[in-house]
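Data block below; observations after.
The values are calculated or read from the model by the stated rules, or taken from the named source; none is laboratory data. The model shown is predicted, which means the values in this text are computed figures rather than measured ones. Using ideal geometry, Cβ is built from the backbone for each residue, glycine included, and neighbour counts are taken over all protein chains shown. Surface areas here come from the heavy atoms of the whole protein model, side chains and all, with no ligands, DNA or RNA. Shrake-Rupley method; radii C 1.70, N 1.55, O 1.52, S 1.80 Å.
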Amino acid sequence: RRAQAIAALATLDLPAAATVAVNVLAKFKPTDDPTSIFSTFWREKQGPAELLKALAERQLPPDVAKLGIRAARNAGRDLEEAIAALTKAGGLTGAPMALSPEQMEQLIAAVKEQGSAVRGEVIFRRSDQVCLKCHAVAGAGGQVGPDLGSIGASAQVDYLVDSLLLPNKAVKENYHALAVETKAGKVLTGIKVRQTDSELVLRDAEDREVVVALDDIEEQAPGGSIMPAGLIEALTRSELADLVRFLSELGKVGPYAPTQARVARRWQALDPASPGLRDLLVKDPATVVSQSSLTSALVWNPAYTRVSGDLPVGELPIVLAPNTREKWSYVRCQVDVTTAGKVQLRFNSPAGLTVWIDEKAIDAAAEIVVDLAVGRHTIVLRIERANRQDDLRLELGDVAGSAVQVQLVNGK
């Protein structure tokens with residue numbers, strides 16, 4: 001009701017609404033959501049300026065400031081001044097957060113009593129948290145940091161909390177960063193992948209392999225974690241509890257236990273803004289699966305399943321059909337075959353799917369048997385969003401008498 005009243009007042013007297021809003025926000029509890037109040041001012045042309053005036057020399061609860069910053073970054077306009085003001089009002093520094101023993105006990109209790117692994121997985125998957133950019137779960141995701149698929153079964157909650165708040169406090173073996181200065185004056189930092197007699201290979205924070213000739217190295221020194229401090233600064237306390245609860249469940253018996261099923265976990269989703277995509281769709285909706293020069297400009301971004309192995313269809317980008325304006329999503333995954341033979345593709349449901357394997361159209365079904373030659377093969381799916389509400393799951397199954405040796409391509 002207060003949020004609605006502030007929104008109504010903003011249409012009549014924006015400065016007065018800003019003053020009232022700050023007074024209300026200053027008293028918000030951690031369980032209150034201030035997003036709608038901030039959105040009221042981000043929508044008004046002079047709203048950010050008036051809110052900044054009202055915020056002068058005022059303090060806000062840190063979680064309120066964090067949610068205001070998140071709303072500002074999602075507003076689609078330049079609100080850097082407002083973000084800076086909220087950062088100051090909330091006392092947010094981005095510096096490592098060392099907890100006292102009492103604070104650690106309180107947070108551990110919150111993780112166990114109020115934390116939700118379901119909500120935590122959503123936070124872990126959020127693009128603004130970039131967790132999957134550096135970490136994999138069951139092999140799918142970035143390779144910069146350790147695979148987290150079983151971390152909950154081997155790490156205590158306090159260790160998980162410290163790993164998030166103080167990345168340098170306890171760095172896992174073989175994941176210390178290495179800083180290399182070249183004779184040309186460049187400084188490169190990454191995880192050491194391998195070293196030969198002539199070159200050093202690092203994996204940097206962007207999950208890229210960087211090759212440095214040993215003769216070009218002026219100096220190298222060990223560092224701490226490649227994970228920067230302050231990454232979880234934008235999380236509220238309850239969100240932090242949810243994230244830690246999710247991590248603490250990974251690998252334990254239950255819904256987040258590792259599985260031996262051969263599930264496609266690393267997909268790639270077609271970016272609707274890819275250059276030339278519309279022209280390809282006008283020509284033939286199937287041409288986007290081609291590996292020819294026609295499709296070289298198409299952009300496919302990583303899309304990862306949940307720990308369960310299900311790909312959330314509702315999160316996939318939507319491609320509009322040129323003429324009918326139907327809503328489609330295109331995704332693809334790859335398999336590597338080392339011994340040729342037949343393999344079974346098992347979908348949880350074929351509803352809304354059009355299937356291609358190496359540019360060849362295949363009739364969609366819950367179970368499809370295909371004969372694959374040695375090499376890498378690409379499976380492309382077009383998902384008709386109007387006909388598919390279920391999440392997507394693809395497993396590889398055995399075919400009696402087949403000698404095929406096949407594995408799904410994971411990683412980033």
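At a glance:
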{"item": "Ellipsoid semi-axes in whole angstrom, largest first, where each is sqrt(5λ) of the Cα gyration tensor of the stretch 336-412", "result": "23, 13, 12"}
{"item": "Radius of gyration, Dmax [the stretch 1-140; alpha carbons; angstrom]", "result": "17.3, 55"}
{"item": "Net lengthening on full extension, L214/A373 (0.36 nm per residue, minus Cα-Cα)", "result": "53.2 nm"}
{"item": "Unit charges at the beta carbon, dipole of the stretch 1-89: most positive-side option, A7, A82, L52", "result": "A7"}
{"item": "The stretch 207-272: trypsin sites (Lys or Arg not before Pro) in DSSP loop, at most 11 other beta carbons within 10 Å", "result": "R208"}
{"item": "Distance violations [Cα-Cα > 27 Å] among K133/K183; K133/K342; K172/K252; K88/K186; K327/K360; K66/K112", "result": "K133/K183; K133/K342; K88/K186"}
{"item": "Shape metrics for the stretch 1-44, restricted to C-alpha atoms - Rg then Dmax, Å", "result": "9.7, 30"}
{"item": "Contour minus Cα-Cα distance for E81 and A98 (0.36 nm per residue)", "result": "3.3 nm"}
{"item": "Estimated FRET transfer efficiency when R0 is 51 angstrom, pair Q59-I362 (beta carbons, to 0.05)", "result": "0.25"}
{"item": "Counting all C-alpha pairs of the chain, share separated by more than 29 Å (%)", "result": "59"}
{"item": "Cβ charges +1 (Lys, Arg) and -1 (Asp, Glu), total dipole of the stretch 229-297, debye", "result": "280"}
{"item": "Electrostatic dipole magnitude of the chain [Cβ: Lys, Arg +1; Asp, Glu -1; Cα centre; debye, to 20]", "result": "1000"}
{"item": "Apportionment of accessible area to carbon and sulfur, the chain, percent (1.4 Å)", "result": "50"}
{"item": "Nearest-0.05 FRET efficiency for D13 and E315, computed from C-beta distance (R0 35 Å)", "result": "0.30"}
{"item": "Accessible area of the chain divided out per residue, in Å², using a probe of 1.4 angstrom", "result": "52"}
{"item": "C-alpha center-to-center spacing [the stretch 27-41, the stretch 48-73] in angstrom", "result": "10"}
{"item": "Amide H partners (placed H, <5 Å) of V409, local residues excluded", "result": "Q334, V335, D336"}
{"item": "In degrees, nearest ten, helix 80-89 long axis to first principal axis of the chain (Cα)", "result": "60"}
{"item": "Most mobile listed residue (D78, D242, D158) in the chain, GNM with C-alpha springs under 10 Å", "result": "D78"}
{"item": "Highest-fluctuation residue, E105, E219, E367 considered, GNM on the chain with Cα pairs under 10 Å", "result": "E219"}
{"item": "Under the Karplus curve 6.51 cos²θ - 1.76 cosθ + 1.60, θ = phi - 60°, whole-Hz ³J(HN,Hα) for the stretch 255-263, x wherever Gly or Pro sits", "result": "x, 10, 6, x, 10, 8, 4, 8, 9"}
{"item": "Phi to ³J(HN,Hα) by Karplus 6.51 cos²θ - 1.76 cosθ + 1.60 over the stretch 28-42, Hz, x for Gly, Pro", "result": "5, 8, x, 8, 7, 10, x, 4, 5, 5, 4, 4, 4, 7, 5"}
{"item": "Whole-angstrom gap from the stretch 130-176 to the stretch 254-305, using each part's C-alpha centre", "result": "27"}
{"item": "Derived scalar couplings ³J(HN,Hα) [the stretch 395-409; Karplus, 6.51 cos²θ - 1.76 cosθ + 1.60; whole Hz; x for Gly, Pro]", "result": "10, 8, x, 7, 10, 3, x, 8, 9, 4, 10, 9, 9, 6, 7"}
{"item": "The stretch 194-239, dipole about Cα centre (Lys/Arg Cβ +1, Asp/Glu Cβ -1), debye to the nearest 20", "result": "360"}
